[in-house]
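Structure first, then comments.
No value in this document is a laboratory result; all are computed from the given coordinates. Quick caveat: nothing in here was measured; it's all calculated off a predicted structure. All Cβ positions, even for glycine, are placed from backbone atoms using ideal geometry, and neighbour counts span all protein chains on display.
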Amino acid sequence: MEKILRYAAALWALASCTSAAPNDPIVSVDSLGVQYRGRARESVEEFNSVKFAEAQRFAPPEPYGPPRGSEIDATAPAPAWPQIRDPLPPFFGETPDQSEDCLYLRITRPTGTKPGDKLPVVVHVMGGGVIKGHSQEALYDPTHLVTSSSRIGQPVIHVVLNYRVSIFGFARLPILKDQQSLNVGMRDQRAGFQWVKDHIAAFGGDRDKITAFGLSSGGTFTSLQLMAYGGTRGVPFDRAWCMSGPPGTALNMTSDATELHTRAVARTLGCNPSSDDSEILQCLRDVVMDKLTETAMAYAMQNHPPAGLFTFIPSVDDDFLPGRQSALYKAGRFVKVPIVLGWTHDDGATNAGLVTEFHTEADIKTSIRSFAHALTDDDYATLFALYPPSGFEAEVHNYEARKAAPDPTVSVHYFRASRILRDLLFTCSSLDFASELSKRSDPSSPLPGVRLYDLNQSTVTPLLRTAAGMTWLSGAVHGSDIDYLYNNMFPRETLADVDLALSDRLLAAFLNFAYAADPNGAGAAAPSWPEAFPSIHNGGSFSRAKPAVNVQLIGGPWGTGNCHLSADTSAGEGSFAAEQMDMQHPMVDSTKYGEMGEESLQQGQRELERDRLLERCGFINTLAEKLGH
């Protein structure tokens, strides 16, 4: 009966389609026996609602096949997955249209693209703290990205996929593990990627040039997909670009926290806690969508204020995720693809908490425990020694010099917590995973391997300082990189020349990567962005051997170029010997802004030296088991 009802609903939807406009693009997908009708808009063609799977609550996605011989109207926006409806500025708007029938793709291509064009495909895995976001978010409208790709002669097809979040995507009960129904949000992502791999050629895409990319949790999901099934089943994409999204950002994957959260929501909804798990699960399935969404999000906000981020999260399930991510990649149990891993220089500033809550060193513990709860007093003692107050006096001084009378006083301990969380959540896992990927990649492969970057420029930080009153922020905060690709947060005509230049430069690197798996472009004579670990050999380990590392500084006061750092092991304290590189050539010939000169390069290297990355991450990466990754 259920299948009959679904078929009837599909026929009704087809019957209610509006008539096609003369310029509407039509794509025939012969393997499915259907046509998709999109819409032409500006210089792109959009297919807003291409359904790739069925979603049943707390169950893996099921294949979806529309009636053969039909024409699917894909012009209307697809509904979002269940989430809080209120906006979370500046990254997410209001989300009024929601449904559990949410597994759709939004496909955008340059006007006139035809089957056989074999354009590279970039697939956006939306971030949002595992609580928010959807394929129609205004901030991530791909029109500028796709139009610019055509303008500079490297056209791409852009895809964004919907997947389930919060309790809908990551509920945890033992019965769900027995049914191989944990981590269904990540299973949604994989199903979406597989649909793209199987059918994107009909839209003019190249199934062998698919770049997965994402910011924050979207980047982390992207990197975690490489470890799905312990790498035994491959991945339906070919390269990855992860912005503040290394695998280690997914903390506490081995803890029982998500199960405790699931049971707490069930109790709040009146599900009998003394019932067996099958009855609790059925009780949760019977709750109407809006009620379950509101209850789960209210609980999440109480658990991790203010927004409820990372309450329902991925967890080890002995199936899709067969182990802790760091244990998997250190054992070589992951898929090796070219990858870019990056962070922003002040990535931890908005994660640390309210500045008014920092008065003593003990307050740093409170901030860290909201993300990692298993660290010992000895661990904290080592962390505090690695991030001493004396190392952050410059941040306090700079803030005091610019703050106005009504601005709050900010303790040095806030700046310490901010940097610890940057490294604990983003930087150190990026370095660790990058080194393992470099070590285990085939050295004879013609494809380049791994690159790292540190972004130092932002249009987001000034907005948060003025509109949100977060006057203590400086530098490049979390999420600063994504709008340099999309250019939707601010109209381009309002951007400063330096931001326009950086946007063009970063987008060019991104498109180069989509085409050649190399941000420098194919056959670059003098690459301006070298691999992270060009000399790493089998048998080494980042946290043990402390190899030299290349980090690309992007934008900001030091310009753009490579810094090469190595640990001076003879110094005993992991001090750095910064090696000056040759002048770097710009990625885009027409964009000279930000190219590193000798003086700015030395300043950038001194800043990285002050960060003590190798020494600090050498310790933090030993905490992987306690951190649950």
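A few remarks follow.
- Per DSSP, loop GluC sites (Glu not before Pro) in segment 54-97 with at most 13 further Cβ within 10 Å: GLU94
- If both residues of a DSSP beta bridge must be in the chain, then about 45% of such bridges are antiparallel.
- Three-way shape label, segment 2-303, alpha-carbon gyration tensor, a/c 1.5: prolate
- Loop trypsin sites (Lys or Arg not before Pro), segment 222-268, which have at most 11 other Cβ atoms in a 10 Å radius of their Cβ (DSSP): ARG233
- Shape of segment 237-374, Cα gyration tensor, a/c cut at 1.5: oblate
- Here the sum of -39500 (n - 2.57) over DSSP H runs of 4 or more residues, divided by the residues of the chain, equals -10000 deg cm²/dmol at 222 nm, to the nearest 500.
- Three-way shape label, segment 391-517, alpha-carbon gyration tensor, a/c 1.5: oblate
- Filter on LYS197/LYS626; LYS209/LYS336; LYS114/LYS209; LYS118/LYS336; LYS132/LYS330 - keep pairs with C-alpha separation over 26 Å: LYS197/LYS626; LYS132/LYS330
- Hydrophobic, long helices, defined as DSSP H runs whose alpha-carbon span along the helix axis is 24 Å or greater and whose mean Kyte-Doolittle value is at least 0.0, occur in the chain at 497-516.
- Near GLY479, once Lys and Arg are set to +1 and Asp and Glu to -1 for all other residues with Cβ below 12 Å from its Cβ, the sum equals -4.
- Remark: relative contact order (the chain) = 12 percent; criterion is Cα-Cα distance under 8 angstrom and separation of 6 or more residues.
- Alpha-carbon centroid distance for the pair segment 385-442 / segment 250-304, whole angstrom: 34 Å
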